[in-house]
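The structure appears right after this line, and notes come after that.
The values are calculated or read from the model by the stated rules, or taken from the named source; none is laboratory data. Remember, predicted model here, so these are calculated numbers, not experimental data. Here the Cβ is made from the backbone with ideal geometry for all residues, glycine too, and neighbour counts use every protein chain on show. Note: accessible area is taken over every heavy atom of the protein model, side chains too, but ligands, DNA and RNA are not part of it. Shrake-Rupley method; radii C 1.70, N 1.55, O 1.52, S 1.80 Å.
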Amino acid sequence: MAPSNPLTRRTVLGSALALAGASALGCAGRGQRPGAGQSYDVLVQGGTVYDGTGAPGVAADVGIAGGRIVAIGALAGAGARTRLDAHGLAVAPGFIDFHSHADGTLFDDPNAESVLRQGVTTVIAGQDGFSRAPRLGAFFEAVEHLSPAVNVASMIGLGTVRESVIGQENRPATPEELARMVALVEAALAEGACGASSGLEYTPGAFASLEELIALCRPLGARGLVYATHLRNEDERLLEAIDEAIAIARRAGCPLHVSHLKTSGPRNWSKLDQVFTRLEQARTVERVDLSFDRYPYTAYQTTLTNLFPAWSRDGGADAFVARLSDPVMGERLRAAAMAKVESLGGWDNVMVSAVAHAADRAAEGQRLGGYAAALGASPYETAVGLLQRSRGEVGMVGFAMSEENLVRLISHPLWMAASDGSAVALEGAARRGHPHPRSLGTFARVLGVYVREKQVLTLEQAIHKLSGFPAARARLKDRGLLAPGMAADVVVFDPGSVADQATYSEPFAYATGVRAVLVNGALALRDGERGPHRAGCPLRVTTL
């Protein structure tokens, strides 16, 4: 079992109350309690209610009106327009995906099927340094007009900010450029961003210096908002990358969140103890407020260009593709890529997840070692050909992590779940490529494998890590808890059967065991069928 969680119920409730000066403005109503003779809009009856604080579940009904939770208790005699029978089921706050790329498909398919069917009611986009724009006002307005199936919060991507001012050039910012970037961050936070993210293995984020990142994060410190980072390195130089992240947060005075924390590559698996030591020292000695997330899988997903050093991507996709063919530069890149693949354990630990060039679609879902052998070519030349024909737009899944380490990460008090995935569907515009199964299974897999099967967490601990904890980190004041006055984002699921179904070979399979989902009080999913209308909305965080 997991160690007792220091984030107690009192701590979380206290955090929620402390956020009175910082709210996530959404579209749930005021939710006045029905008077005598009145009915609830929705009454969830007979379930075991887990409030999201980490407290054990209690037998209770949940009454919802005006988009808000208005009562929890024995409500069997009350009237209701809609009744949900939750006998034998868990009733919990809607899950919050702290690290989501659902914004990539949401405007093509606002139903967010793979997200909703895991019980997720809020996604936090703008991750890994990439947001939809360097300003978020228009993005939030577009989400409001779209009315997606789930709520959408967003960080401001520091890579997007850098690209809007400097482009894809590998050089330091001038003082004037840095001032413009800081102003963009300030504006995005004023428009409702819930934090800022960096992607320091991606370009142009990889070209940012320590001092640049500290300057861009200082506006977060003034508001108590989080800096979420895809570290500069997650394998050979992992410890140095963690030190950099801690230094940024300490000097900027802001909370730190490490995205998808991992020790990638077998020769780095033994570094986890040192990682935990550094995090604990930062928390207790340097007083850095920190957390991390990780999806419950031992493979990651990224772009195939990440097999190559960041400097090779200076100037953008065309410049990178040209370097691959250069007689001198190409040999340097070959050596770097081969060393990276060797650290993963070989080319069969690299699976192609997506290509932009339609004629190469047969490569999707294939391990590069076996795929190249079938073509009678070397894996490296096959990879280069894919990159050249798709102008660098090739996705990959890398099999490089340890299950033992994954269990230790999930049991850590600072861990929360996050998918690092997209919103996908079994058909239509959101069925793309050969995705990582995390997009369809993360939250159900935590509950099915790491709670029910392996007993790494208790059910109440897991629910807290899927709801109350991420809500508090993102300053979403009225989300993540089941309590009167909170927005009525609710998931009803069967703890005995909830499970992920997506696999690496067959990723297009929805999670099972989620019986009902409510978003802002509206029935979004019931027994596998979508509700009559979508009720998601933008969540703008205000702090000043």
Kindly list the number of the only condition in (1) touching a residue at least 40 places away in the same chain (Cβ under 8 Å); (2) over 26 Å from Gly57 (Cα atoms); (3) out of contact with any Lys or Arg (no Cβ under 7 Å at 6 or more places or on another chain) that fails for Gly531.
(1)
Somewhere in segment 440-451, is a residue assigned to a loop (DSSP other than H, G, I, E, B), out of contact with any helix residue (DSSP H, G or I) (no Cβ under 8 Å at 6 or more places or on another chain), touching a residue at least 60 places away in the same chain (Cβ under 8 Å) and open to solvent by less than 30 Å² (accessible area, probe 1.4 Å)?
no
State whether the residues of segment 14-26 include one that is open to solvent by 30 Å² or more (accessible area, probe 1.4 Å), at pLDDT below 95 and in contact with an Asp or Glu (Cβ under 8 Å, 6 or more places away or on another chain).
yes
Just checking, does segment 329-340 include any residue being within 27 Å of the chain's Cα centre (by Cα) and either modelled with pLDDT under 95 or not small (Gly, Ala, Ser) (or both)?
yes
Taking segment 56-71 and keeping only residues that are buried (at least 19 other Cβ atoms within 10 Å of the Cβ) and touching a residue at least 40 places away in the same chain (Cβ under 8 Å), one is left with Val62, Ile64, Ala65, Gly67, Arg68, Ile69, Val70, Ala71
Looking only at segment 462-478, count every residue that is open to solvent by 10 Å² or more (accessible area, probe 1.4 Å) and under 23 Å from Gly531 (Cα atoms) and tell me the total.
1
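Out of segment 322-346, which residues are in contact with a Gly (Cβ under 8 Å, 6 or more places away or on another chain) and open to solvent by less than 30 Å² (accessible area, probe 1.4 Å)? Break it down stepwise before answering.
Filtering segment 322-346 down to residues in contact with a Gly (Cβ under 8 Å, 6 or more places away or on another chain) leaves 323-324, 343-346.
Correct list: Leu324, Ser343, Leu344, Gly346.
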Could you tell me which of the residues Glu201, Glu211, Glu144, Glu163 is open to solvent by 10 Å² or more (accessible area, probe 1.4 Å), in contact with a His (Cβ under 8 Å, 6 or more places away or on another chain) and not aromatic (Phe, Trp, Tyr)?
Glu201
When you look at Leu216, is it over 21 Å from the mean Cα position of the chain (by Cα), part of a helix (DSSP H, G or I) and in contact (Cβ under 8 Å) with a residue 60 or more places away in the chain, yes or no?
no
Screening Val397, Val407 for residues that are closer than 26 Å to Arg294 by Cβ, out of contact with any Cys (no Cβ under 8 Å at 6 or more places or on another chain) and without any contact (Cβ under 8 Å) to a residue 60 or more places away in the chain leaves only Val407
Of the conditions (1) assigned to a helix (DSSP H, G or I); (2) among the β-branched types (Val, Ile, Thr); (3) crowded, with 20+ Cβ neighbours inside 10 Å; (4) under 19 Å from the mean Cα position of the chain (by Cα), Thr382 fails just one. Which one is it?
(4)
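Going through Val182, Val161 one at a time, which residue ends up being β-branched (Val, Ile, Thr) and in contact (Cβ under 8 Å) with a residue 40 or more places away in the chain?
Working: Val182 fails: in contact (Cβ under 8 Å) with a residue 40 or more places away in the chain.
None of the other options fit; the residue is Val161.
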Within segment 135-170, the residues that are in a loop (DSSP other than H, G, I, E, B), closer than 18 Å to Ala190 by Cβ and either of a type in the set (Val, Ile, Thr) or touching a Gly at 6+ places or on another chain (Cβ under 8 Å) (or both) are Leu136, Met155
Log entry, pairs with first residue in segment 286-299 being under 20 Å from Met351 (Cα atoms), second being open to solvent by 10 Å² or more (accessible area, probe 1.4 Å) and part of a strand (DSSP E or B), beta carbons closer than 8 Å, six or more apart or on different chains, reads Thr298/Phe399; Ala299/Phe399
For segment 76-99, indicate whether the set of residues that are closer than 22 Å to Ala418 by Cβ and open to solvent by 40 Å² or more (accessible area, probe 1.4 Å) is non-empty.
no
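Looking at segment 116-141, which of the residues that are among the aromatic types (Phe, Trp, Tyr) and open to solvent by 10 Å² or more (accessible area, probe 1.4 Å) is nearest to Ala206 (Cα to Cα)?
We begin by selecting, within segment 116-141, every residue among the aromatic types (Phe, Trp, Tyr); these are 130, 139-140.
The next check asks that each one be open to solvent by 10 Å² or more (accessible area, probe 1.4 Å); those that pass are 130, 139.
Values: Phe130: 12, Phe139: 25 Å.
Filtering segment 116-141 for residues that are among the aromatic types (Phe, Trp, Tyr) and open to solvent by 10 Å² or more (accessible area, probe 1.4 Å), the one nearest to Ala206 (Cα to Cα) comes out as Phe130.
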Of all residues being among the small types (Gly, Ala, Ser) and in contact with a strand residue (DSSP E or B) (Cβ under 7 Å, 6 or more places away or on another chain) in segment 100-115, which is surrounded by the most Cβ atoms within 10 Å (Cβ to Cβ)? Just the residue, please.
Ser100
Out of the residues in segment 426-439 meeting the condition of being open to solvent by 10 Å² or more (accessible area, probe 1.4 Å) and of a type in the set (A, V, I, L, M, F, W, C), tell me which one is nearest to Gln501 (Cα to Cα).
Leu426
Does at least one position in segment 385-400 carry a residue that is in a helix (DSSP H, G or I), open to solvent by 70 Å² or more (accessible area, probe 1.4 Å) and of a type in the set (Asp, Glu)?
no
At least 2 residues that are charged (D, E, K, R) and either within 18 Å of Lys340 (Cβ to Cβ) or open to solvent by less than 10 Å² (accessible area, probe 1.4 Å) (or both) in each: list the strands (runs of 3 or more DSSP E) lying fully within segment 219-295 that qualify.
none
Within segment 362-379, residues under 27 Å from the mean Cα position of the chain (by Cα), without any contact (Cβ under 8 Å) to a residue 40 or more places away in the chain and open to solvent by 30 Å² or more (accessible area, probe 1.4 Å) come out as Gln366, Arg367
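Does Ala187 fit the bill of being surrounded by fewer than 21 Cβ atoms within 10 Å (Cβ to Cβ), more than 20 Å from Thr277 (Cβ to Cβ), free of Cβ contacts under 8 Å to residues at least 40 places away in the same chain and of a type in the set (A, V, I, L, M)?
Working: surrounded by fewer than 21 Cβ atoms within 10 Å (Cβ to Cβ): yes; more than 20 Å from Thr277 (Cβ to Cβ): yes; free of Cβ contacts under 8 Å to residues at least 40 places away in the same chain: no; of a type in the set (A, V, I, L, M): yes.
Here the answer is no, as Ala187 does not meet what is asked.
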